[in-house]
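The values are calculated or read from the model by the stated rules, or taken from the named source; none is laboratory data. This structure is a prediction, so every number in the text was calculated from the model and none was measured. Neighbour counts run over all protein chains shown; Cβ positions are idealised from the backbone, glycine included.
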Amino acid sequence: MLSLERTHASVVSCWASPEALDALAILSGAHKCRVAPDEVLFLSAPAQVADVQRQAAAFFATVEPSALILDQSDGWTMFTLRGDEADRVFAQLSVVPPPSERPAFVQGAVAGGSAKMLFLEGCIRVLVPSTLRHHLAARLRDVCGELVTIPATETPFVIEPVVTLHQDGAATPALR
């Protein structure tokens, strides 16, 4: 069985020194995803975007005042694959191997475009630049066929157990 959702999530990016980002705790209600040595993404429910930004700003005000914190939610689209067919469908969209342990954060190409993937127990969240939303939806339709339809509306992001996620494996700079 497969479930496919377009997911409405907030994406807050933080740029700072690797040491400051290492010291930054998980913000309440968000997944902390390390994108690069000097960048972290926080994924959370849209209603929490201001709180995530406020918590990050309070931390960096004392640790590294030059840090940059931006809400980039409008620049990203998320699709969530759930169910026992999720890994099979994902394998048809990407050569990125699913990580052996979950939760995990991975970056690479999905459906021919740059993506960030959050592998959780029971689901795979695929985050792509908003400009690739229609392309990924079309590829999902091609792969899923009659198994599932792509919803026209977005479902709210719901946080699973909160953990710090570091990129699994190496990513090519072109895919970041």
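Taken over the range 28-66, the criterion of being assigned to a loop (DSSP other than H, G, I, E, B), in contact with a strand residue (DSSP E or B) (Cβ under 6 Å, 6 or more places away or on another chain) and farther than 22 Å from ARG6 by Cα is satisfied by ASP38 alone. When the range 63-82 is limited to residues that are modelled with pLDDT under 95 and hydroxyl-bearing (Ser, Thr, Tyr), the one that is nearest to GLU121 (Cα to Cα) turns out to be THR80. For the range 5-27, residues that are in contact with a strand residue (DSSP E or B) (Cβ under 6 Å, 6 or more places away or on another chain) and not in a loop (DSSP other than H, G, I, E, B) total 11.
Scanning the range 3-35 for residues that are exposed (fewer than 15 other Cβ atoms within 10 Å of the Cβ), touching a residue at least 40 places away in the same chain (Cβ under 8 Å) and in contact with a Lys or Arg (Cβ under 9 Å, 6 or more places away or on another chain) yields a single hit, ILE26. Each residue in the range 58-90 was checked for being in contact with a Lys or Arg (Cβ under 9 Å, 6 or more places away or on another chain) and surrounded by fewer than 19 Cβ atoms within 10 Å (Cβ to Cβ), and 0 of them qualify. I'm trying to understand the selection: among the residues of the range 81-133, which are part of a loop (DSSP other than H, G, I, E, B) and small (Gly, Ala, Ser)? GLY83, SER94, SER100, ALA111, GLY112, GLY122, listed by residue number.
Only a single item in (1) modelled with pLDDT of 85 or more; (2) assigned to a loop (DSSP other than H, G, I, E, B) is not met by THR149, and it is number (1). Could you list, in sequence order, all residues of the range 84-96 that are over 14 Å from VAL143 (Cβ atoms) and modelled with pLDDT under 90? Result: ASP84, single match. Within the range 30-87, being small (Gly, Ala, Ser) and touching a helix residue (DSSP H, G or I) at 6+ places or on another chain (Cβ under 6 Å) holds for ALA30, SER44, ALA67, GLY75. Residues considered: VAL143, VAL126. Of these, the only one that is surrounded by 13 or more Cβ atoms within 10 Å (Cβ to Cβ), under 16 Å from SER94 (Cβ atoms), more than 12 Å from the chain's Cα centre (by Cα) and in contact (Cβ under 8 Å) with a residue 12 or more places away in the chain is VAL143.
Scanning the range 99-108 for residues that are over 18 Å from HIS31 (Cα atoms) and surrounded by fewer than 17 Cβ atoms within 10 Å (Cβ to Cβ) yields a total of 1. Counting the residues of the range 1-30 that are farther than 15 Å from THR80 by Cα and among the acidic types (Asp, Glu) gives 2.
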